[in-house]
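One structure is given below, encoded as structure tokens.
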Amino acid sequence: MARILLGVSGGIAAYKAVEVVRLATAAGHAVRVVQTPASLRFVGRASFEGVTGAPVLVDEFEADPARGAFPGDPPPDHAAISHLELVRRCDVLCVAPASANTLAKLAGGQADNLLTSAALASPAPLVLAPAMNDRMWSHPATQANLELLRSRGAVVVPPGTGRLASKGEWGTGRLADPADILAAIESVLEPAPFAPRSLDGLRVLVTAGGTREAIDSVRYVGNRSSGRMGLALAAEAARRGADVTLICANVALERPEGVRSVDVESAAELEAAARAEFPAADVLLMAAAVADFRPRAPEDAKIVKTERDGLTVELEPTTDVLAALGGLRRAGQTLVGFAAEHGAGAVERGRSKLARKHLDAVVVNDIARSDIGFDSAVNEVTIVTATGEQAVPLGPKEAVAGAVLDAVQRLRSESGLPGTV
Ligand code: CTP
């Protein structure tokens, strides 16, 4: 979270600055806005006050009801000089839109309104997002002012090319995209001090999705798993600092950021990938729905229905990948299975898999319920371990993923392993 002071100068693009503020507050930043008197002709204070939740200042001589505090900060007990207090507290000063006139004043060091006074007093990094008519933009005076400001360290987010505000005009001068302006603001912020995370340094292997077993070159036997639960687990483990590998069986959803993913289709491919990755993993979260049976003799070509009088597909068992990996486990590894069980006795059946597959925990899902589980955004599970069971109430799969990782961390803590609560 950063404290962003946004200066808004006059120009039709001033309304787009509201979107910059909206994006910045949505990203968790605290924003205060100062406007030039000319900008009030384009956007009123109320728009910015509504989005920032803080008073907007225009005049150097008006009192700041927030006394220079940013949203979320306690207000100081003395009434400070507003422009000095705002720039003392801000992490970055951004001027968007920066008109040709304001750029000229900033380059010349003038301090004739609150925005320019604040800029002159500011020790914070300066981000400028110019917006103006294309002839004003290309004028040598404007370009020289920008060059001077750049040479003093200002970051300039160049305007875009396209239709301009004046009817029929086309050229360079449109305010940059608000998301690009926020990205430039964030790029000049000091990196947050390194905060240790609970799974730092741990390697977590997650399987997600459902395998497909070929009947012929186009048909398969599959299941309804979307991969949502596995993706949520991978994202949460990465958020906690783990080095995550995700084996995806036919997952159509976007992969979480910062996670290495390997795509597979069949149970045999999943087995090969999991066997290759497992030795290096500290934690295995086996959320994939792996087929228990596959066609014994899949056909290479497409079966033509007119050539057959009915079709019988003979199935053979696949390897139980989790049980096979459980048999290979080494000290220091934590293994979690997922069990899709139907109705009464679900937890007991889940528990029986703990010993049979050499697991530390089984996450039991009651698939008799239609509102949770497969392809749903929510889930309700019971985490079964050797010493007890924990009911995780109905919630988004992200929350369930958090509860599963908390349980993993507790188990590792009980065994004196790294990756503890
Ligand atoms: N699993 C696996 N390989 C298989 C089948 C299942 O690795 N061929 C894993 C799943 O990823 C999941 C757990 O084992 O973590 C589910 O186990 P289990 O409930 O035994 O699978 P089911 O086939 O549903 O069990 P059963 O029919 O025996 O109740």
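The values are calculated or read from the model by the stated rules, or taken from the named source; none is laboratory data. All of these numbers come straight from a predicted model, not from anything done at the bench. Cβ atoms come from the backbone with ideal geometry, glycine included; neighbour counts cover every protein chain shown.
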Output the number of residues of the stretch 274-289 satisfying the condition of being away from the ligand (no atom under 12 Å from the Cβ) and part of a helix (DSSP H, G or I).
4
Considering residues of the stretch 341-382 that are within 12 Å of the ligand (Cβ to nearest atom) and small (G, A, S) only, the residue surrounded by the fewest Cβ atoms within 10 Å (Cβ to Cβ):
G345
Of A141, A183, A179, A124, which residue is under 16 Å from L5 (Cα atoms), part of a helix (DSSP H, G or I) and assigned by TED's automatic domain parsing to the domain that holds V21?
A183
Checking L285, L311 in turn, the sole residue that is out of contact with any Asp or Glu (no Cβ under 9 Å at 6 or more places or on another chain), at pLDDT below 95 and hydrophobic (A, V, I, L, M, F, W, C) turns out to be L311
Given the conditions (1) touching a residue at least 12 places away in the same chain (Cβ under 8 Å); (2) loosely packed, with under 15 Cβ neighbours inside 10 Å; (3) of a type in the set (A, V, I, L, M, F, W, C); (4) assigned to a loop (DSSP other than H, G, I, E, B), and given that A69 satisfies all but one, which numbered condition is not satisfied?
(2)
